[in-house]
Amino acid sequence: MTFLNLTVALLMSVTQPMLHRPVTPPEPIAPLPHARQLAWKELEWTGFIHFGPNTFTDKEWGHGDEPEDAFQPTALDARQWVKVMKEAGMRGVVLTAKHHDGYCNWPTKLSTHSVASSPWKAGNGDVLRELSDACRESGLKFGVYLSPWDRNNPKYGSGEEYNEYFRQQLREVLSNYGPIFEVWFDGACGEGPNGKRQVYDFPSFRAVVRELQPNAVMFSDVGPDIRWVGNEQGWAGETCWSMLKAEGHGIGDDRPPSTKSLNEGDIDGESWIPAECDVSIRPGWFYHAHEDDKVKTPAQLFDLLERSVGHNANFHLNFPVDRRGLIHENDAAAVLGLRRLIDAAYGDGTDLARGRATTASNVRGAGKDESFASACIVDGDAATYWATDDDKRVAKIEITLDGTKPFDRVVLAEPTWLGQRVARFRIQAASPADGSERVWRTLAEGTTIGHKRIVRVVPTTATHLRVELLESRACPCLSGVSVHATAGATAAQTDQTAQPSQTKP
Ligand code: FUL
């Protein structure tokens, strides 16, 4: 190398990084989600199907002694289930392969207590096959609920012998129906046919799932991938961390140490185990004709969706398939009514903040790298995010709205692959007259954000919206802020509608 070349090379090595060094992204803060948990979170909303002998015997918990020929659907059509769920906007479905009565909805080789012994399709039927095929055709993801509590099998209560039986069952359902996105482990542990209780070997059950379906998330009261939300009413806490202090929580505890902790998660939890909110569209999980007029209304379902998906959890809505083997007309009408409410509030073209001008109190790397610009929060792309410098724990961002349309929802989102960070926020609005100072009115205050936080605010019309991040576990980042109106907002007046708590900039 000549002296000149050496000088040029040295100069370049010094100047180039200074001129073009990219701003490094924020360090993720542990615990972090696994790829399978992130993929599940993206689904946001999934269906649940309870179907089996209970459907025909009018029970919620079968005793395990129901005759196999009790199971007699007259017009079973899994494509109809999938059609309803797809039209509603769900992205996956979990079927009760086996409920506590031990009856298998697939022709298991391990027991005679199954569809193979029923008159349905002369014993040649397979509900898992019908549903998994219908899912594959339509792009819906397929999952299974397999109850460890088995009130039929004589091995239940024996210890290892039953655990091996359960593992073999898992192998059947996880090997023969294509990709499984979720395995639902119910925690119930009652008595079996001999009056004995089983001690479940969950670590070995989990190992089978990881071996055969490594991309599947496992649900139980405490994960390992997704947790029960502490109620069966379909809502998560206003505060909802994806982290949990898992130690001390057992599976199937009659009295878990804290359902509050399951409902809200733990800011200092060592495990990433986000919440799933399961609820039935009717009072019961299984079909009962006397509940045909007790189906939740679209407005009730919308409320639950906003308090589950909008509280950083997933919504898992159950349909009790009826004795024909169909989702009942009333249930289908309710969930399609919910779809219309979702489209009206959150559908394409509803976001009043999309593409509007933004400013931020701080942009990572002094804004040298467009990747972390404040505009990322209004680009409609969940993969891009605004980030602040590492030393920040407080930051604010402002969006200029057009000030003509009322809104009553503000939706916030964090890039959770960097860990869940924000612990407290405030949303404010202002409508200064031309040239005058902005006077901010507080619309709402809240705690966690996570994957999605839907904040209900009083119907408001404003030219400026401000989101203040007031506490954060690490430098705050936001991937989205969007502004929407439900039907209630159309009754909105002007700025004055909001309960003011006024602050200057
Ligand atoms: C519970 C079960 O006991 C109910 O029957 C239902 O399956 C619900 C989803 O989980 O633990």
Exercise for the section: Identify, from the list Val199, Val183, the residue that is outside any helix (DSSP H, G or I), aliphatic (A, V, I, L, M) and within 16 Å of the ligand (Cβ to nearest atom). Expected result: Val183
Handout entry: Verdict on Ala97 being closer than 30 Å to Leu341 by Cβ and in contact with a Leu (Cβ under 9 Å, 6 or more places away or on another chain)
Key = no
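Please work out which residue is nearest to the ligand (Cβ to nearest atom), limiting yourself to the range 202-239 and to residues that are aromatic (Phe, Trp, Tyr) and open to solvent by less than 10 Å² (accessible area, probe 1.4 Å). Break it down into steps so the answer makes sense when it comes.
Narrowing the range 202-239 to residues aromatic (Phe, Trp, Tyr): 202, 205, 219, 228, 235.
Those still in the list that are open to solvent by less than 10 Å² (accessible area, probe 1.4 Å) too: 205, 219.
Numbers: Phe205: 16, Phe219: 10 Å.
The selected residue is Phe219.
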Practice task
For residues that are out of contact with any strand residue (DSSP E or B) (no Cβ under 6 Å at 6 or more places or on another chain), within 23 Å of Leu43 (Cα to Cα) and in contact (Cβ under 8 Å) with a residue 40 or more places away in the chain, scanning just the range 283-300, find the one that is least open to solvent (accessible area, probe 1.4 Å).
Solution key: Pro298
Exercise for the section: Answer yes or no as to whether Gly159 is surrounded by fewer than 22 Cβ atoms within 10 Å (Cβ to Cβ), within 30 Å of Asp65 (Cβ to Cβ) and touching a residue at least 40 places away in the same chain (Cβ under 8 Å). Expected result: yes
Exercise for the section: Give the number of residues within the range 99-122 that are in contact with a strand residue (DSSP E or B) (Cβ under 9 Å, 6 or more places away or on another chain) and either under 15 Å from Leu174 (Cβ atoms) or open to solvent by 10 Å² or more (accessible area, probe 1.4 Å) (or both). Expected result: 9
Completion exercise
Matching residues in the range 198-238 (touching a residue at least 60 places away in the same chain (Cβ under 8 Å) and either under 17 Å from Ser158 (Cα atoms) or among the basic types (Lys, Arg) (or both)) number 0
Problem - Qualifying residue in the range 54-69 (condition: more than 16 Å from the ligand (Cβ to nearest atom) and modelled with pLDDT under 95) - result: yes
Fill in the blank from the handout: Here the qualifying pairs (Cβ atoms under 9 Å; residues six or more apart or on different chains; first in the range 170-197 and under 15 Å from Gly159 (Cβ atoms); second away from the ligand (no atom under 16 Å from the Cβ) and in a helix (DSSP H, G or I)) come out as Gly192/Tyr162
Problem - Criterion (over 31 Å from the mean Cα position of the chain (by Cα) and among the aliphatic types (A, V, I, L, M)) met by exactly one of Ala78, Ala88, Ala70 - result: Ala70
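Yes or no, residue by residue, for (1) out of contact with any Phe, Trp or Tyr (no Cβ under 7 Å at 6 or more places or on another chain); (2) open to solvent by 10 Å² or more (accessible area, probe 1.4 Å); (3) over 26 Å from Pro298 (Cα atoms); (4) not in a loop (DSSP other than H, G, I, E, B):
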position	(1), (2), (3), (4)
Ile399	yes, no, yes, yes
Lys405	yes, yes, no, no
Ala423	yes, yes, yes, yes
Ile427	yes, no, yes, yes
Arg441	yes, yes, yes, yes
Ala444	yes, yes, no, yes
Ile454	yes, yes, no, yes
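Output the residue which, of all residues in the range 456-469 that are under 16 Å from Val363 (Cα atoms) and among the hydrophobic types (A, V, I, L, M, F, W, C), is surrounded by the fewest Cβ atoms within 10 Å (Cβ to Cβ). Quick ask: steps written out before the conclusion?
Taking the range 456-469 first, the residues under 16 Å from Val363 (Cα atoms) are 466-469.
Right, trim to among the hydrophobic types (A, V, I, L, M, F, W, C) and you get 467, 469.
Numbers: Val467: 23, Leu469: 26.
If we take residues in the range 456-469 being under 16 Å from Val363 (Cα atoms) and among the hydrophobic types (A, V, I, L, M, F, W, C), then Val467 is surrounded by the fewest Cβ atoms within 10 Å (Cβ to Cβ).
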Exercise for the section: Assess whether Gly125 counts as being under 21 Å from Ile180 (Cβ atoms) and away from the ligand (no atom under 16 Å from the Cβ). Expected result: yes
Problem - Which listed residue, of Val94, Val23, is modelled with pLDDT under 95 and surrounded by 15 or more Cβ atoms within 10 Å (Cβ to Cβ) - result: Val23
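The values are calculated or read from the model by the stated rules, or taken from the named source; none is laboratory data. If you're wondering where the values come from, they're calculated on a predicted model, not measured in any experiment. Heads up, the Cβs are rebuilt from the backbone with ideal geometry, glycines too, and the neighbour counts pull from every protein chain shown. Areas reflect the complete protein model, heavy atoms only, side chains present, ligands, DNA and RNA absent. Shrake-Rupley method; radii C 1.70, N 1.55, O 1.52, S 1.80 Å.
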